[in-house]
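Here's the structure, in structure tokens; my notes come after.
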Amino acid sequence: MGTSVLSLRMDGELLDRLRQHAARRGMSVQDYVVRTLIRDDFDERFQTAVEETEKFYGVT
């Protein structure tokens with residue numbers, strides 16, 4: 001299995017929040033994001049967020 005690069009564009013406030021969460025755990029932002037993505041419950045939490053967003057925008 002190879003590796004790939006994921007590039008994200010986010011606003012400064014969100015990046016600051018990620019930095020704070022990462023710092024509390026003694027991690028870099030990159031490590032924090034990767035660890036969050038590989039959590040066992042990520043797929044479930046992501047699907048819930050998608051569904052809530054669709055409800056908000058009236059897609060469903």
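The values are calculated or read from the model by the stated rules, or taken from the named source; none is laboratory data. What you see is a predicted model; the values in this text were computed from it and never measured. No Cβ is skipped: glycine too gets one built from the backbone with ideal geometry, and neighbour counts run over all protein chains shown.
Which members of the range 14-49 meet the condition of being β-branched (Val, Ile, Thr) and surrounded by 11 or more Cβ atoms within 10 Å (Cβ to Cβ)? The answer is 29, 33, 34, 36, 48. Just one of the listed residues (22, 49) is of a type in the set (Gly, Ala, Ser) and out of contact with any Ser or Thr (no Cβ under 9 Å at 6 or more places or on another chain), and it is 49. Among the residues of the range 12-57, what is the count of those that are part of a loop (DSSP other than H, G, I, E, B), modelled with pLDDT of 95 or more and not small (Gly, Ala, Ser)? Residues that pass the stated criteria total 2.
Pairs meeting the criteria (first residue in the range 25-50 and closer than 18 Å to residue 6 by Cα, second residue in a loop (DSSP other than H, G, I, E, B) and of a type in the set (D, E, K, R), beta carbons under 8 Å, at least 6 apart or on different chains) are 32/25.
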